[in-house]
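Participant: Quick one: this structure, given as C-alpha cells, is what I'll be asking you about.
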Amino acid sequence: MPGSRHDSKAINLCGWQDLLDSSGATWIADTAYIATTAITPIKKLPNQSRANQDKDFNTAIARIRVNVEHCIAQLKAWRILSHGYHGRLKEPPESSTSSPTWNSSEHTPTINPVNNA
C-alpha cells in the first residue's frame, strides 16, 4: 500500500477487513487494529490501574503475538527477500577445495576437505 497510512485504514482499503469478516476468522493484532474486528490488548485508561484479568488477557495475547513478530523479524533479516538476488544466474558458483559442514556434537562449523578427483 503506497504512502503513509494507519494500519487499520490500510487493512480496510486493501479489502482484508471484508475478507476476514466474511470468513468469520478470529485474528489477533496489536492496539493499532482496535477499530477492526481483531482481538486486541486492552488499553489502560488514563489515571486508572489495569485490572488483573485485563493484565492476564493482555499477557495471553502477547504470548501468541511474540512468535509471529519474531518470524516477521527473521524474514526482514534475510536481505535477499527485500533486495532480491543480484548474482549471476548462468554461471555456477566457484568450487573451493573445502566445504563447511556442521558438527552437531560440538555446535561449531568445521571445514572438511572436498575430494575434487
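The values are calculated or read from the model by the stated rules, or taken from the named source; none is laboratory data. On a predicted model such as this, the values are computed, not experimentally measured, just so you know. Reconstructed Cβ throughout: ideal geometry from the backbone, glycine too, with neighbour counts over all protein chains shown.
Participant: Got a sec? Which of Asn58, Asn67 is in contact with a Pro (Cβ under 7 Å, 6 or more places away or on another chain), under 24 Å from Gln17 (Cβ atoms) and not acidic (Asp, Glu)?
Facilitator: Asn58 is the lone residue from the list that is in contact with a Pro (Cβ under 7 Å, 6 or more places away or on another chain), under 24 Å from Gln17 (Cβ atoms) and not acidic (Asp, Glu).
Participant: Which one is surrounded by the most Cβ atoms within 10 Å (Cβ to Cβ), of the residues in the range 35-72 that are among the small types (Gly, Ala, Ser) and within 24 Å of Ala25 (Cβ to Cβ)? Spell out the reasoning first.
Facilitator: Let us first name the residues in the range 35-72 that are among the small types (Gly, Ala, Ser), namely 35, 38, 49, 51, 60, 62.
Pick out the ones that are also within 24 Å of Ala25 (Cβ to Cβ) and you get 35, 38, 60, 62.
On the way: Ala35: 14, Ala38: 20, Ala60: 13, Ala62: 13.
For the range 35-72, the residue satisfying everything is Ala38.
Participant: Restricting attention to the range 6-53, and to residues there that are assigned to a loop (DSSP other than H, G, I, E, B), within 20 Å of the chain's Cα centre (by Cα) and over 22 Å from Val66 (Cβ atoms), which single residue is modelled with the highest pLDDT?
Facilitator: Step by step, filter the range 6-53, then rank; the result is Cys14.
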